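Participant: Take a look at this one; I'll ask things after.
We did not get these values from a lab; they are worked out from the coordinates using the rules stated. Here the structure is a predicted model, which is why all the values come from computation and not from measurement. When we count neighbours, we look across all protein chains shown, and the Cβ atoms used for this are built from the backbone with ideal geometry, even at glycine.
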Amino acid sequence: MVKKLLNALDSVLLGKRESIEMLVMALLADGHVLIEDVPGTGKTTLAKALAVAIGADFSRIQFTPDLLPADVTGGAIFKANTGDFEIRKGPVFTQVLLADEINRASPRTQSALLEAMEERQVSLEGERHALPELFMVLATENPVEFHGVFPLPEAQMDRFMVRLSLGYPSDETELQILRSHREGRPLDSLAAVTNVGEVLEARKVVRKIHVDESLERYAVSLVQATRVSPDVRLAASPRAGINLLKMAQASAYVAGRDFVNPDDIQKVFFPVMEHRVFAKESARGASRQILETIVKQTRIPK
């Protein structure tokens with residue numbers, strides 16, 4: 001199932017195998033993904049392709065400054081013919097939700113997603129409404145625009161299991177992209193290669209993948225190292241360690257193993273940690289440098 005899914009996504013988003021693998025790992029680890037990059041690099045296409053490939057329900061919300069929380073979650077609608085209020089569910093009630101340009105909406109509207117992302121439910125008019133068992137938020141944002149945007153608060157950033165950056169393609173890859181779009185979009189010809197039921201079963205297997213105690217302690221050491229670094233303004237939370245091991249289990253599953261090794265943890269370390277650790281310096285890449293130092297200085301279990 002995993003190989004078919006990776007190949008299907010790879011056929012739509014050319015030359016981004018590493019990012020595609022990380023996205024599939026997050027799906028198997030039951031997490032949400034923040035895709036941060038400049039316009040036109042395939043962020044929206046990747047989200048749509050994932051939903052199609054796994055046969056999941058899909059909704060897209062274009063975040064704008066005038067978007068209201070009710071536009072995300074839904075709410076009570078007054079029916080004049082009966083004189084009653086009817087609960088109308090919003091686009092968040094889906095399986096794969098694309099929150100496009102999430103940082104363009106106000107903090108109030110952004111916060112409407114927090115309950116859904118963490119508790120997999122939405123409170124409407126005092127009642128709790130459960131979301132589907134498979135519920136995944138793929139949020140996109142443009143990191144280079146500063147006008148008309150509202151940066152995501154740290155609490156919301158922490159809700160995303162991983163952050164991805166697609167980047168520009170190489171010369172040869174971009175040539176392939178141009179040729180593949182001559183007769184239409186590759187996404188339009190994409191078909192489902194698996195289904196939601198198989199994904200949920202795969203998640204159960206991922207949760208049972210063995211993690212040795214030495215690797216658990218290794219993960220703890222990496223997380224705690226962010227808390228003692230003098231260059232860190234905001235360190236990683238316990239949720240970071242939980243997500244680190246979940247992603248490591250998913251990495252082992254994708255590699256065809258039933259146990260986690262140190263390479264799995266190191267492979268997912270930066271996508272899991274980089275958006276949770278904030279350096280005292282505001283220079284771009286400062287957090288990455290701190291995390292690279294931590295990885296080098298933390299002893300790897302044998």
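Participant: Using a Gaussian network model on the chain with a 10 Å cutoff between Cα atoms, which of 179, 60, 257 fluctuates the most?
Facilitator: Comparing 179, 60, 257 in a Gaussian network model of the chain, the most mobile one is 179.
Participant: Would the stretch 167-241 count as rounded, prolate or oblate if I go by the C-alpha gyration tensor, calling it rounded below 1.5 in a/c and otherwise prolate when a/b exceeds b/c, oblate otherwise? Walk me through the intermediate numbers first.
Facilitator: Values: a/c = 3.61, a/b = 1.62, b/c = 2.24.
Because a/c hits 1.5 or more and a/b fails to exceed b/c, the stretch 167-241 counts as oblate.
Participant: Right, something else. Pop out the ³J(HN,Hα) list for the stretch 155-167 in order, Karplus 6.51 cos²θ - 1.76 cosθ + 1.60 with θ = phi - 60°, rounded to Hz; leave Gly and Pro as x.
Facilitator: 4, 7, 4, 5, 6, 8, 5, 9, 10, 10, 9, 7, x
Participant: Moving on. Please name which of 219, 279, 269 has its Cα lying farthest along the dipole of the chain towards the positive end, using unit charges on Cβ (Lys, Arg +1; Asp, Glu -1) and the Cα centre as origin.
Facilitator: Of the options given, the answer is 219.
Participant: For the chain, how big is the tail of P(r) above 34 Å, as a whole percent of Cα pairs? Provide the component values of the computation, followed by the final result.
Facilitator: Details: 10742 of 45451 pairs.
Distances greater than 34 Å cover 24 percent of the Cα pairs.
Participant: Run through the DSSP bridge list for the chain and note the antiparallel percent, rounded to the nearest 5. If you can, show how the numbers build up before the last one.
Facilitator: On the way: 12 of 29 bridges.
Antiparallel: roughly 40 percent of the beta bridges in the chain.
Participant: Relative contact order, percent, of the stretch 208-302 when contacts are C-alpha pairs under 8 Å separated by at least 6 residues? Provide the component values of the computation, followed by the final result.
Facilitator: Working: 116 pairs, mean separation 35.2, N = 95.
Once normalised by length, the contact order is 37 percent.
Participant: Starting from the Cα gyration tensor of the stretch 1-65, take the square roots of the eigenvalues, sort them a ≥ b ≥ c, and report rounded, prolate or oblate (rounded when a/c is under 1.5, otherwise prolate if a/b is larger than b/c, else oblate).
Facilitator: Details: a/c = 1.62, a/b = 1.33, b/c = 1.22.
Cα axes put the stretch 1-65 in the prolate bin.
Participant: Roughly what angle does helix 286-297 make with the longest principal axis of the chain, taking Cα atoms, 0 to 90 degrees, to the nearest 10?
Facilitator: 40
Participant: Given charges of +1 on the Cβ of Lys and Arg and -1 on the Cβ of Asp and Glu, with all other atoms neutral, how large is the dipole of the chain about its Cα centre, in debye to the nearest 20?
Facilitator: Here the chain has a charge dipole of around 560 debye.
Participant: Could you state the principal axis extents of the C-alpha atoms in the stretch 29-109, from the largest down, to the nearest angstrom?
Facilitator: 48, 30, 22
Participant: Hey, what angle do you get for helix 17-28 against the long axis of the chain, alpha-carbon based, 0 to 90 degrees rounded to 10?
Facilitator: For helix 17-28, the angle is close to 70 degrees.
Participant: Next question, about the same structure. What's the ranking of 279-287, 48-56 by average number of surrounding C-beta atoms within 10 Å, highest first?
Facilitator: Working: 279-287: 13.1, 48-56: 21.4.
The packing order, highest mean first, is 48-56, 279-287.
Participant: Hey, what's the Cα Rg ratio for the stretch 208-302 versus the globular rule of thumb, 2.2 N^0.38 Å? Can you show the working numbers first?
Facilitator: Numbers: Rg = 13.2 Å, N = 95, 2.2 N^0.38 = 12.4 Å.
Rg over 2.2 N^0.38 Å, computed on Cα atoms: 1.06.
Participant: Over the chain, what is the mean sequence separation of C-alpha contacts under 8 Å (at least six apart), divided by residue count, expressed as relative contact order in percent? Show your work: numbers first, answer last.
Facilitator: Values: 508 pairs, mean separation 66.3, N = 302.
The normalised contact order for the chain reaches 22 percent.
Participant: Where the only charges are on Cβ atoms (+1 Lys, Arg; -1 Asp, Glu), what is the dipole of the stretch 1-156 about its Cα centre, to the nearest 20 debye?
Facilitator: On the way: 14 positive and 22 negative charges, 96 e Å.
Taking the Cα centre of the stretch 1-156 as origin, the dipole is about 460 debye.
Participant: With angles folded into 0 to 90 degrees, how steeply does helix 171-180 sit against the dominant principal axis of the chain? Use alpha carbons for both and round to 10.
Facilitator: 30
Participant: So if I place +1 on the C-beta of Lys and Arg and -1 on the C-beta of Asp and Glu, and nothing else carries charge, what would the dipole magnitude of the stretch 208-302 be about its Cα centre? I want it in debye, nearest 20.
Facilitator: On the way: 15 positive and 10 negative charges, 44 e Å.
Roughly 220 debye for the stretch 208-302.
Participant: If you don't mind, there's one more thing I want to ask. Quickly estimate the mean residue ellipticity at 222 nm for the chain, helices only: each DSSP H run with n ≥ 4 gives -39500 (n - 2.57), and the total goes over all residues, rounded to 500.
Facilitator: Working: 13 runs with 132 residues, N = 302.
Rounded to the nearest 500, it is -13000 deg cm²/dmol.
Participant: Shifting gears a bit: Restricting things to alpha carbons, find the Rg to Rh ratio for the stretch 44-86 using the Kirkwood radius for Rh.
Facilitator: Working: Rg = 15.8 Å, Rh = 13.3 Å.
A ratio of 1.19.
Participant: Quick one: which residues, 5 or more positions from residue 164 or on another chain, have an amide H under 5 Å from its amide H? H modelled 1.01 Å from N in the peptide plane, none for Pro or chain starts.
Facilitator: Those lying under 5 Å, H to H, from residue 164 are 34, 35, 36.
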